[in-house]
Amino acid sequence: MPRPQQDELAARVAQAVEQREALVAEAGTGVGKTFAYLVPLLLSGRRALVSTATKSLQDQLFLRDLPRLREALGVPVRMALLKGRASYLCRWRLQQAETEAHLPDRFAVRALHRVQVWAQATKSGDLAEIEGLDERSPVIPLVTSTRDNCLGTECPEHRACHVNQARREAMAADLVVVNHHLFFADLALRDSGVAELLPTVDAAVFDEAHQLAEAGIQFLGTTLATGQALELGRDLLAAGLQHARGLQPWAELQAGIEQAARQLRLAAAGEMREPRGMLKRRWEECAEGLSAPLQDLVAAARAAAEALAGVAEAAPDFPKLEQRAATLAALAAQFGVAADAGRVRWIDLSPQQARLVESPLDIRDMLTEQREKAPKAWIFTSATLGDDEALSWFSGACGLEDAAKLRVGSPFDYARQACVWVPSRMPLPNADGHAEAVGALAGRCAGALGGRTFVLTTTLRVLPRVAQALRDQAEAQGLAVLVQGSEPRRALLQRYGDGRGSVLVGSASFWEGIDMPGDALQCVLIDKLPFPPPGDPLVEARVRQLREQGRNPFDEYFVAEAAVTLKQGAGRLIRSETDRGLLVLCDPRLAQMRYGRRLLAALPPMRRLADEAAALDWLAELAAAH
């Protein structure tokens, strides 16, 4: 089927590559943007770097899309896949794990055995090759290296190192596939080869670019974690007793670091109850109480660094440990003084640890600096980059106001394929009973359709209440309710299958990156407008910054963010030219408030339904078609 939208995007990408210019391109669902940028890159003969949002998307590009296109176009392009070091087997650490690891259960023992067998045959060392290996497995940190514990040229397996091999292949390739996290982490740490690679390419393409700014902020910031300190203490004690017993007071040094870290964790929590998950705290809420434990941690880390320097020649572990201790001391000292202007601090608190975070408010300066270093094509593309012609939601955060802009609409016939309904009698999101009303309505919709329904919530907090109300309705109709958190995402999606008889309730990780064409998903309910949480320290800092600039934070930030996120969630519904479905937005503010028109206009042009009867009739029609 001809796709003029894809041809238009491909032509603009080719022009940007040829003229070494910056391009920001929004391409609606179904355009085929992946091929639209890969084909011009492959035909250009230019050296290129492609960055995407996740490791799974990297694998899809490298293992499926690129080989098909290279063969179809007949171009002899050398390709390489480059991930962070935590994705690759470390042969030396595997040998240590085989003899020294204390594994928590039989599942971990089984996983380690699978890694051992696979390690004998793998050429790349990429752990993604191991089918079904859980990314959260406790075995993975045991068989991979970190920047801190890598022995570098001192490693007995240095010549066979998979990380080094991946870097060599990337430096020799014509086209390298990375991910956003690796891109920014490497620019910050110079640890995996991207910083070395970037000046040598003629074009850098960022797919799923709507995730770029948040990924950059995460890695361009500075983090001090109490778990980082505790791990240093454990490693220091183990290495000291093994290689230099009696030469330094190892147990005393470890105890000093551990005590300071635990006091820092207690000060960060204050009088709060123990969080069940991750909780963000404002820096101002507990800054005064952090001062003393930070000073203690500086002293303990410096003492450890001095002791390690005294035995540096005893084993290759010691110089690395000394560097880690010095880094920890510097971080603790940094958080002991006020943050620089234009940066914001907060605390991430979890049951395991406290993370002190200092971050820039955006990636404008960093990306501008990279663009100025060497002339090349910079291409940024996604299905959702803003709700105006200037794509200002994305361009403003990334300093790309001067870039060429392109908006290419979806080829789908949304007016025929999809309907949208805003229930007018739904309680307001902050009113009692809203979550329960959403769950009950989802049960009625799923019942009319026989399953094939997603319920997307804006927060994890309301998810259990929505799920319970849904169960009360759905189970009486023989429908299975699958809830985020009960199993890994991949397992939930496998159980959901073709959607028949199933309803899935999920939050953030289910709003994007899920592609279910056909009739497996024909109804998506969104509980409320996805405004940024006003109590989030980063959100508060951005609001202050906009006010200082004389701008309107609600229109320029809150509504703009909600528009982009809403488009992402709604984008789960129609994935092909033959899909049909219903989008239900369970927030009456869309019909009541001035900004509602702007948010509805940001969505694809679906047919608007007036009431529940019309919505259930549409779902019944969809159900009858199958």
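Each Cα pair under 8 Å and six or more residues apart adds its separation to the average, and for the chain the resulting relative contact order is 17 percent.
Using a probe of 1.4 Å, the accessible surface attributed to Asp387 totals some 40 Å² when neighbouring protein chains are kept in position. When the P(r) is computed for the range 372-426, the part past 13 Å accounts for 71% of the Cα-Cα pairs. Computed over the alpha-carbon atoms, the range 89-136 gives an Rg to Rh ratio of 0.93, Rh here being the Kirkwood radius from the mean inverse distance. Here is the list for the range 129-162: GluC sites (Glu not before Pro) lying in DSSP coil, each with at most 10 other C-beta atoms within 10 angstrom of its C-beta, are Glu131. Over the Cα atoms of the range 275-352, the radius of gyration divided by the Kirkwood radius equals 1.09; this is the Rg/Rh ratio. The residues packed around Asp202, meaning those with a beta-carbon under 9 Å from its beta-carbon, carry a net charge of +4 if Lys and Arg are +1 and Asp and Glu are -1. Put simply, the Cα atoms of the range 164-276 extend 54, 42, 20 Å along their principal axes, the longest span coming first. Its residues counted as N, the range 491-626 yields a C-alpha radius of gyration over 2.2 N^0.38 Å of 1.21. Of all aspartates and glutamates in the structure, those lying under 19 Å Cα to Cα from Lys528, and not within fewer than 8 positions of it along the same chain, are Asp387, Asp432, Glu436, Glu512, Asp536, Asp555, Glu561, Asp587, Asp611, Glu612. In summary, the chain shows an alpha-carbon radius of gyration equal to 1.03 times the 2.2 N^0.38 Å reference for compact globular proteins. Sparse packing (at most 10 other Cβ atoms within 10 Å of the Cβ) combined with a DSSP loop state is found for the following GluC sites (Glu not before Pro) in the range 239-326: Glu271, Glu313. One compactness figure for the range 346-409 is 1.51, namely its Cα radius of gyration divided by 2.2 N^0.38 Å. Distance from the Cα centre of the range 180-232 to that of the range 529-552, in angstrom? About 24 Å separates the Cα centre of the range 180-232 from the one of the range 529-552. Measuring nothing but how far apart in sequence close Cα pairs (under 8 Å, 6+ apart) lie, relative to its length, the range 1-95 scores a relative contact order of 24 percent. Rounded to the nearest angstrom and listed largest first, the equivalent-ellipsoid semi-axes of the range 310-429 from its Cα gyration tensor are 45, 25, 17. Could you work out the Rg to Rh ratio of the range 408-484, with Rh taken as the Kirkwood radius (inverse of the mean 1/r over all Cα pairs)? Across the range 408-484, the Cα-based Rg/Rh ratio is 1.03. Shown are Phe62, Phe107, Phe380, whose ranking by accessible area with a 1.4 Å probe and every protein chain present, most to least, is Phe107, Phe62, Phe380. Calculated on the alpha-carbon coordinates, the convex hull of the range 487-568 measures out at 114 cubic angstrom per residue. Our summary gives the range 474-531 a relative contact order of 32 percent, counting only alpha carbon pairs under 8 angstrom and 6 or more residues apart. Just flag the trypsin sites (Lys or Arg not before Pro) in the range 406-472 sitting in loop per DSSP whose Cβ has no more than 12 other Cβ atoms within 10 Å. Those that pass, being in a loop and sparsely packed, are Arg425, Arg461.
Cross-link check: pairs Lys83/Lys376; Lys123/Lys567; Lys373/Lys405; Lys83/Lys373; Lys55/Lys280; Lys55/Lys123 evaluated at a Cα-Cα cut-off of 30 Å; pairs beyond the cut-off: Lys123/Lys567. When you work out D = kT/(6 pi eta Rh) for the range 396-450 at 20 °C and 1.002 mPa s, using the Kirkwood radius from C-alpha pairs as Rh and the Stokes-Einstein form, the result is 137 µm²/s. Gyration tensor over the Cα atoms of the range 1-102: the corresponding equivalent ellipsoid has semi-axes (square roots of 5 times the eigenvalues, largest first) of 35, 15, 14 Å. In the full protein context, the range 390-525 carries 40 Å² of accessible surface per residue, based on a 1.4 Å probe and ignoring ligands, DNA and RNA. Using a cut-off of under 12 Å, list every residue of the range 195-215 whose amide N is near the label point 7 Å from the Cα of Ala374 along the Cα-to-beta-carbon line. Residues 195-204 qualify, since their backbone N sits under 12 Å from the label point.
The values are calculated or read from the model by the stated rules, or taken from the named source; none is laboratory data. Computed from a predicted structure; not experimentally measured. Virtual Cβ from ideal backbone geometry, glycine too; neighbours counted across all protein chains shown. When the accessible area is computed, the model is the full protein with side chains, heavy atoms only, and any ligands, DNA or RNA have been set aside. Shrake-Rupley method; radii C 1.70, N 1.55, O 1.52, S 1.80 Å.
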